[in-house]
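These notes are about the structure you will find just below.
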Amino acid sequence: MGGRYAKMQCYIYDHKTMYLRKLTFLFILFSPVFCVGQTKSIPAVKSRQSIKIDGLVNDAAWQTAPVASGFIQNFPTYGVKATSNTEVKILYDNDAVYVLAHLYDDPAQVRTQLTARDAEQRQDADYFSVFFDTYNDQQNGFQFLVTPVNVQTDAKLSPTAAVGTGNFGDKSWDAVWQSKTTIVADGWIVEMRIPYISLRFAKKDVQTWGLQFLRFSRRNNESDYWNPVNPNIDGFANQFGKFTDVKDISPPLRLSFSPYISGGIRLNPEGSRRKTEWLRSGGMDVKWGINEAFTLDATLVPDFGQVVSDNQVNNLTPFEIRFKENRPFFTEGTELFNKSGLFYSRRVGATPAGYSRVENFSNANINYALISNPNVVQLYNGIKFSGRTKNKLGIGVFNAVTAPTNARLQNRNTKFDTTIQTEPLANYNIVVVDKVLKGRSSITFTNTNVMRNGADRDANVTAFDWSLYTKGNKYRFNGTARYSKIFGYTPYTFGNINLVYDTVRVNGRSVVKGYDGYNTTLRFGKVSGNVQYYVSNNVTSNTYDPNDLGFLQIANQVNYNGGISYNQFKPTNKFVTYRYRFDVTSKWLYKPHRYSEVNVAASAFWVFKNFWDVTLAVSSYPTIQYDYFELRTVGKYLARPAEMTLNINGSTDSRKKFFFSYDLSYAPRAKKDNDYNRVQFGLTRRFSDNFTLSANFQRQYENNQIGWAFIREANRDPIIGYRHFTEDVGEVSGIYSFTPRINLTFRARHYWQKLQYNSFYNVANDGTHIPRTFVNGQDDNYNLFNTDAFVTWDFKLGSRLVLGWKNWLGDSYAVDGSTHGTYLTNLGEIFGKSHGNELTLRVIYFLDYNQLRGKR
């Protein structure tokens, strides 16, 4: 490891004499605690020679580079010397930072499974990673990771980076950088070139960066860091070492273009108004580094067709389902906009507000034919302006403009067409100002604004967030203050039933006048150490509404929370690590102020010596629960019986070629014959370094589930039902990697929900149930099936070709659940029904202005 005594040293660089080497060895030999407790540093050395990225160590420039060694375990045993030795060298020049790492090991023991980009955590592979905190603010930064077979991962770090999970930030951010790996007789070597166009840093003559190196050995599940990372200390970037005396570098002109073209065909299922659709699109993404601190990202006429299908469900709850964002423009580089939790990007380019209204009108009126009714709003363009100054002030501006959307109906008798606007022209805007304070503290101002054309609903939300840490990072005090204002008129529905509005009639429709509301939170807790605890309070007024650009399921609530946990991060005789936790939550209605429920929860988590893990949890509602939202009716609430849920979940050793996970829940209720059961199993099989296949199955069952029956009395009072509820979800997914840059990913998902009503009731003023006559025809049988497959080829740095295929079930009610009552027979019937198919090809080509200028 770079010297006779390197195994015992925390850090060695180019010592000028053997005398200094011996003194260093003796000092470290008798002071082992010093290695763990002190922040390491490495001097920046500027290379005057060219470096070829070939995964070898024969470039002369590397002979002048200092060596970082003496890695310390973070997991499974914090504070001890790493099992295997690691040497890292780092250099820089006017264009890039260079990293050379020699990871000593038995080459036969190195895990080398091929993965998709950014997917190393889900596969069986070793890896090496370098982290830069270029502003040295101990909160933000960049990660660049390479596996032994040269699969890359990169991420933007955030203040909430989670060391224990291995996910340090936003992996959707994809930078352009080079790496090369080689398996050698004594381990493996990785060489990296990270150009300044992929970093942001201050314009200073001399600067210091935060620096960290991570080595992960899969066969030992061992994470080793150059500068020790203590799991008892909250945070990650605050535990970096230092890269000192970086001199005379200038941020380059960061200007790149990614034009794309895509085309394909969609074959719609039976019953669709259009049998065949030809798909064609083209546009461009632009990235421009306005100065050393700020970057402008723009997308022009984007096409978001090649994304994984949503995990749709038949939603029985009164609350909106939150879906994952899969569109690249809205996932890359949005960490600043997401800091206050007010940006739910699926609002931009969502389903038009009037889509369902047109569909229902068409289905109810046989005299009208529906010619077109787009289910997605077209995005004209979007821009993101973000960065952080040398004074650690972060500024972000997001703006997107969506096109007006129209549906077209034709009168079957007169053949006259009618155009109905289902969504007006709209502008979505976010402004964020984030100031990093001393320690890990910060304050953030956020404003979101949505403006729609004409008299349609406009919205504005302003938020102030703060997070204050004590010296030593032991305690944290944080909170929020938010205010929302809705302007104009909006259609009145029961979708957000916790709001109480004044309604008026406009053009024959009930609409809601403008309104405003607020939300505040306060939280104090001990965030470092074996024992951690917190207390918090959250107040959400009945008219607080951030949902034009944010996401809030429930308003009109006051919550009180508290909890304590004991965390053991050092191995014992039986466990690698374990955690015990206890939480209490009390909920009240904000207006009128009424008791809702109290929840008491306890859990225990263990990781055994064989790396099997188990979690046991108990959650109890010891008193009657008063549900003010299920009935979707202002002034009405539902009384639910006391209940308790028992849960056990865990997984076997994921290092094995075959492993499984499980999640079992049972909830006995105070009312007889009303128990809830959930069973979930997941199986993963690694057939080779190229091919991995996973299967997951989940079943939920509840007899005599209580809920709104989706019908009302003549006076609009809600009717509830007791029903047998069954929900099955099966999913198969896999990846076959041909090379580190070419892979095939696929996923098939089947969802089946079945409802059988047993009895119906009215609801008394105290929430109790009053028997009524049976209502026929309310049973439900709902099926969804989707298949997604993508072949991805990263044929050039930043350039990609994607061939995609999608398949979906045409009719969610096509299979008779009574006749085909078991899961396998139900699934078998799905394949005999009409499906839709879509085949697309997309090519993205990356153009760097600096390279183009150099070629000229």
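Quick look at the values:
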| read-out | value |
| --- | --- |
| Checklist (1) loosely packed, with under 15 Cβ neighbours inside 10 Å; (2) in contact with a helix residue (DSSP H, G or I) (Cβ under 6 Å, 6 or more places away or on another chain) applied to ASN315, failing item | (2) |
| Every residue from segment 77-93 that is assigned to a loop (DSSP other than H, G, I, E, B) and open to solvent by 20 Å² or more (accessible area, probe 1.4 Å) | THR77, TYR78, GLY79, VAL80, THR83, SER84, ASN85, ASP93 |
| Hits in segment 313-341 (condition: closer than 24 Å to ARG482 by Cα and without any contact (Cβ under 8 Å) to a residue 12 or more places away in the chain) | ILE321, ASN338 |
| Of all residues in segment 721-756 being farther than 28 Å from THR819 by Cβ and more than 23 Å from the chain's Cα centre (by Cα), the one that is surrounded by the most Cβ atoms within 10 Å (Cβ to Cβ) | SER737 |
| Odd one out for GLY382, checked against (1) surrounded by fewer than 22 Cβ atoms within 10 Å (Cβ to Cβ); (2) in a strand (DSSP E or B); (3) not basic (Lys, Arg) | (1) |
| Residue check for VAL190: under 29 Å from TYR469 (Cβ atoms), β-branched (Val, Ile, Thr), touching a strand residue (DSSP E or B) at 6+ places or on another chain (Cβ under 9 Å) and not in a loop (DSSP other than H, G, I, E, B) | no |
| Residue list for segment 26-66, restricted to those being surrounded by 15 or more Cβ atoms within 10 Å (Cβ to Cβ), modelled with pLDDT of 90 or more and under 36 Å from the mean Cα position of the chain (by Cα) | LYS40, SER41, ILE42, ALA44, ILE53, GLY55 |
| Residue tally, condition part of a strand (DSSP E or B) and free of Cβ contacts under 8 Å to residues at least 12 places away in the same chain, over segment 693-737 | 1 |
| Single unsatisfied condition, VAL376 versus (1) surrounded by 21 or more Cβ atoms within 10 Å (Cβ to Cβ); (2) within 21 Å of PHE330 (Cβ to Cβ) | (1) |
| Scan of segment 568-598 for residues that are in contact (Cβ under 8 Å) with a residue 60 or more places away in the chain and closer than 25 Å to GLY525 by Cα, ordered by number | PHE569, LYS570, THR577 |
| Considering residues of segment 210-236 that are modelled with pLDDT of 90 or more and of a type in the set (Gly, Ala, Ser) only, the residue farthest from PHE132 (Cα to Cα) | SER217 |
| Subset of segment 336-366 [open to solvent by 40 Å² or more (accessible area, probe 1.4 Å), part of a loop (DSSP other than H, G, I, E, B) and more than 30 Å from GLY479 (Cβ to Cβ)] | THR351, ALA353, ASN365, ILE366 |
| Unique match (being closer than 14 Å to VAL843 by Cα and either open to solvent by 40 Å² or more (accessible area, probe 1.4 Å) or in a loop (DSSP other than H, G, I, E, B) (or both)) among PRO251, PRO259 | PRO259 |
| Filter result (closer than 30 Å to TRP177 by Cβ and without any contact (Cβ under 8 Å) to a residue 40 or more places away in the chain) within segment 800-856 | LEU803, GLN851, LEU852, ARG853, GLY854, LYS855, ARG856 |
| Residues (within 18 Å of PHE738 (Cβ to Cβ), modelled with pLDDT of 90 or more and either open to solvent by 10 Å² or more (accessible area, probe 1.4 Å) or among the hydroxyl-bearing types (Ser, Thr, Tyr) (or both)) located in segment 111-151 | THR112, THR147, VAL149, ASN150 |
| When residues of segment 591-613 are limited to those that are assigned to a strand (DSSP E or B) and of a type in the set (D, E, K, R), the one farthest from PRO718 (Cα to Cα) | ASP613 |
| Positions within segment 757-777 being under 39 Å from the mean Cα position of the chain (by Cα) and either within 28 Å of ARG699 (Cα to Cα) or surrounded by fewer than 16 Cβ atoms within 10 Å (Cβ to Cβ) (or both), in sequence order | TYR757 |
| Selected residue (criterion: least open to solvent (accessible area, probe 1.4 Å)) from residues of segment 262-302 that are hydroxyl-bearing (Ser, Thr, Tyr) and either under 30 Å from GLY832 (Cα atoms) or free of Cβ contacts under 8 Å to residues at least 12 places away in the same chain (or both) | SER272 |
| Single condition VAL436 does not satisfy, out of (1) modelled with pLDDT of 95 or more; (2) crowded, with 16+ Cβ neighbours inside 10 Å; (3) over 25 Å from ASN561 (Cα atoms) | (1) |
| Members of segment 757-805 that are in contact with a Leu (Cβ under 7 Å, 6 or more places away or on another chain), assigned to a loop (DSSP other than H, G, I, E, B) and farther than 17 Å from THR819 by Cα | GLY767 |
| Segment 674-697, residues that are aromatic (Phe, Trp, Tyr) and surrounded by 17 or more Cβ atoms within 10 Å (Cβ to Cβ) | TYR676 |
| Residue satisfying all of: in segment 552-600; among the aromatic types (Phe, Trp, Tyr) and closer than 30 Å to ALA639 by Cβ; farthest from the chain's Cα centre (by Cα) among these | TYR595 |
| Pairs with Cβ under 8 Å, 6+ apart, first in segment 630-644 and free of Cβ contacts under 8 Å to residues at least 40 places away in the same chain and hydrophobic (A, V, I, L, M, F, W, C), second in a strand (DSSP E or B) and crowded, with 17+ Cβ neighbours inside 10 Å | ALA642/TYR621; ALA642/GLN625; ALA642/ARG669; MET644/SER619; MET644/TYR621; MET644/ALA667 |
| Test: residue in segment 169-176 that is crowded, with 21+ Cβ neighbours inside 10 Å and aromatic (Phe, Trp, Tyr) | no |
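The values are calculated or read from the model by the stated rules, or taken from the named source; none is laboratory data. Nothing here was measured: the structure is a model prediction, and the numbers come from that model. Heads up, the Cβs are rebuilt from the backbone with ideal geometry, glycines too, and the neighbour counts pull from every protein chain shown. Side chains included, ligands, DNA and RNA excluded: accessible areas come from the protein's heavy atoms. Shrake-Rupley method; radii C 1.70, N 1.55, O 1.52, S 1.80 Å.
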